[in-house]
Amino acid sequence: MELLGGFIFFALALVLSSLKFVSEYDRLVVFRFGRVVGVRGPGPVLIIPLMENFKKVDMRMVTMSIPMQEIITKDNVSAKTAAVCFFQVVDPYKVVTKIEDPYNATSQIAQTTLRSVLGQHELDDLLAERDKINAQLQAIVDRQTEGWGIKVNAIEVKDVEIPELMQRAMARQAEAERERRAKIVAAEGEMQAAEKLAQAADVIGRSPGAMQLRQLQTMVEVSAEKNSTLIFPIPIELLQMAGRSGPAEQQTIQRIVEATTTAINNRSTPTSGATINVPKKEELPA
């Protein structure tokens, strides 16, 4: 009776020790007498003692940092770059049977691919076309690790260090580019202003009185300033009118011209300017 009880206890302990509970993100690669008999899990899994053993494989996404690598770009610029690799196991059987250390192997292939791919690009492409380079890195490394049962989801270049002299040269280049754009914008503004001035000149040329109105407006604006001397120019139309007028009108216009010339020669100010007496229409001789 005691022997039967002992046997039952031993059998129960053996069954309990053979029962394994596998997590949702784990898989068990089971070996029986050294040969793979399958992949089990998740949930409860029974492992036959003394006949079977197993190796657990994590199926979750792995984030692996690629250490800083020294590279020489296509345009012979020395730089340092680091990256990060995201991958996961998709085939536990291959991960266990095809390669000894899948994580170290993935890290090494990622480092060598990073140096090789970045060496095929110029520095400007390395700084400006990150997405294109990342996609190229991911495709190459994933093709290498596919036979190991590993899927590389992404490789991201996260840091690029360039020499200090190159940084200053790039800063001068960026400054020169900004100055070039500023000069182009200023030239375009000058051209547009010249076009508008030409249009305004055409409008004024078609209206005889427009120039006089513009002149009077400018005089009003200038006279608003304090301590300013205002010189009133003689309109060309006044001289033209003198040729078409009679003797009395010509005499009056001549007096205006002479008085204005005298005031200019004497440099009279608005407070001590000359006074011109112009006769009324009824006072003019017939």
**Q.** Cβ pairs under 6 Å, 6+ apart, first in region 56-85 and surrounded by fewer than 15 Cβ atoms within 10 Å (Cβ to Cβ), second part of a strand (DSSP E or B) and of a type in the set (Val, Ile, Thr)
**A.** Ser65/Val84; Ser78/Ile72
Q.
Only one of Thr145, Thr218 is out of contact with any Cys (no Cβ under 7 Å at 6 or more places or on another chain), hydroxyl-bearing (Ser, Thr, Tyr), assigned to a helix (DSSP H, G or I) and at pLDDT 75 or above. Can you tell me which?
A. Thr145
Q: Kindly list the number of the only condition in (1) in the same structural domain as Gln69 (by TED's automatic domain parsing); (2) modelled with pLDDT under 75; (3) not charged (D, E, K, R) that fails for Ile162.
A: (2)
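So that you can scan it fast, the table gives a plain yes or no per residue for (1) closer than 30 Å to Ala171 by Cα; (2) in a helix (DSSP H, G or I):
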residue	(1), (2)
Phe21	no, no
Leu28	no, no
Ile48	no, no
Lys55	no, no
Pro67	yes, no
Ala82	yes, no
Thr112	no, yes
Ser116	yes, yes
Leu126	yes, yes
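The values are calculated or read from the model by the stated rules, or taken from the named source; none is laboratory data. Source: prediction; values computed, not measured. Positions of Cβ are backbone-derived with ideal geometry, glycine not excepted, and every protein chain shown enters the neighbour counts.
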